[in-house]
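Step one of this worksheet: look at the structure below.
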Amino acid sequence: AAAVAAGVGPVAWGSDGGGSIRVPAALCGLVGIKPSIGRIPAAGCVDGDSTDGPIARTVLDAAMVFDVTAGHHPTDRFSVPKDTRSYVEAALAPGDLAGVRVAACRDLGQKVLDPEVRRVFDQALDDMRAAGAVVEEVEIQLPDSEVFFDHLNGYAYAELAEELEAGGVEVWPMIAEMAERGRKVTGRQVYAAFTSGKTEIYNAFAGALTGADVLVTPTTPVPAFPHAGDYGPRVLVDGQETAPLALLIHSMTEPPAHAGLPALS
């Protein structure tokens, strides 16, 4: 994302199962798209949440990428046929927000939002209303993002811990922290996250989107910050102690992925 923002190249490619496209794009002032599952084919391991997509400077640039990457591929059993209409054509078509029904949620129930993010988000909602959109603010209650993230990824963290112990190598502090978290997660917690946990998240979003055309949230609960190279401290946001920054920064982007929703930042 930083390279695209600096003009090194027009687009970048990523995969996103919790925000790995959308978060860096947002923090660098770019467009990042996590497509619907199967829209852009991906060979290899498909975990049900992660999809491949572009990081670009403009929506039009992202549409160009979709035109050449979307469609069915025999190596991806989830892939779907390409749309008959060009994405570039759709991006260039005239349109407005008049009558568009917007469901808006500030924090996805996580109760942590930096005042500057709140100000910018509220201004965006006012701009949508001025453009003719019908904006309705909704509440969405979800599992605690830090706990759910650890449980959902516990199996991978535990495997990572075993490999690090066997290899005896020094690793990036963030990786070591992930491995340590994996040691504390039980198989029952992992299973519950993949089953009842994901169902709870899906139902929460389905309820919020009832009668709406689109759901709008902040991409991250805090503005861009210096990269510390690890999980980061538990910082105060609007007087509240938060999860470590590496988890907090994905607290708004992970839940839509677990619900199987496409998203754009």
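Taking the conditions exactly as written (closer than 25 Å to Pro81 by Cα, touching a residue at least 60 places away in the same chain (Cβ under 8 Å) and outside the structural domain of Leu261 (by TED's automatic domain parsing)), does Ser15 satisfy them or not?
no
Against the definition (out of contact with any strand residue (DSSP E or B) (no Cβ under 9 Å at 6 or more places or on another chain), small (Gly, Ala, Ser), closer than 30 Å to Pro10 by Cα and part of a helix (DSSP H, G or I)), how does Ala91 come out, yes or no?
Yes; evaluated as a whole, the condition is true for this residue.
Taking the condition of being over 20 Å from the mean Cα position of the chain (by Cα) and either aromatic (Phe, Trp, Tyr) or on the phi > 0 side of the Ramachandran plot (or both), how many residues in region 181-210 meet it?
1
Determine if region 28-35 includes at least one residue that is in contact with a strand residue (DSSP E or B) (Cβ under 8 Å, 6 or more places away or on another chain), over 26 Å from Leu248 (Cβ atoms) and not assigned by TED's automatic domain parsing to the domain that holds Lys198.
Looking through region 28-35, none of the residues is in contact with a strand residue (DSSP E or B) (Cβ under 8 Å, 6 or more places away or on another chain), over 26 Å from Leu248 (Cβ atoms) and not assigned by TED's automatic domain parsing to the domain that holds Lys198.
Does region 41-52 include one or more residues that are surrounded by 15 or more Cβ atoms within 10 Å (Cβ to Cβ), of a type outside the set (Phe, Trp, Tyr), in a strand (DSSP E or B) and outside the structural domain of Leu152 (by TED's automatic domain parsing)?
Yes: one or more hits.
Which one is surrounded by the fewest Cβ atoms within 10 Å (Cβ to Cβ) among residues in region 84-126 that are under 26 Å from Gly38 (Cα atoms) and among the polar types (S, T, N, Q)?
Thr84
So how many residues does region 176-218 have that are among the polar types (S, T, N, Q), in contact with a helix residue (DSSP H, G or I) (Cβ under 9 Å, 6 or more places away or on another chain) and surrounded by fewer than 20 Cβ atoms within 10 Å (Cβ to Cβ)?
Result for region 176-218: 2.
Would it be correct to say that Gln110 is assigned to a loop (DSSP other than H, G, I, E, B), of a type in the set (S, T, N, Q) and in the same structural domain as Gln141 (by TED's automatic domain parsing)?
It is true that Gln110 is assigned to a loop (DSSP other than H, G, I, E, B), of a type in the set (S, T, N, Q) and in the same structural domain as Gln141 (by TED's automatic domain parsing).
Identify the residue in region 67-83 that is under 18 Å from Trp13 (Cα atoms) and without any contact (Cβ under 8 Å) to a residue 24 or more places away in the chain and, among all such residues, is surrounded by the fewest Cβ atoms within 10 Å (Cβ to Cβ).
Here the residue is Val68.
Kindly provide the set of residues from region 130-160 that are free of Cβ contacts under 8 Å to residues at least 40 places away in the same chain, out of contact with any strand residue (DSSP E or B) (no Cβ under 9 Å at 6 or more places or on another chain), crowded, with 17+ Cβ neighbours inside 10 Å and not aromatic (Phe, Trp, Tyr), ordered by number.
Result: Asp150, Asn153, Gly154, Ala158, Leu160.
What are the pairs, 6+ residues apart or on separate chains, where a residue within region 163-192 that is in the same structural domain as Phe149 (by TED's automatic domain parsing) has its Cβ under 7 Å from a residue that is part of a loop (DSSP other than H, G, I, E, B) and surrounded by 15 or more Cβ atoms within 10 Å (Cβ to Cβ)?
Pro173/Asp230; Met174/Asp230; Met174/Tyr231; Glu177/Asp230; Glu177/Tyr231
The values are calculated or read from the model by the stated rules, or taken from the named source; none is laboratory data. From a predicted model like this one, the values you see are computed outputs, not experimental measurements. Positions of Cβ are backbone-derived with ideal geometry, glycine not excepted, and every protein chain shown enters the neighbour counts.
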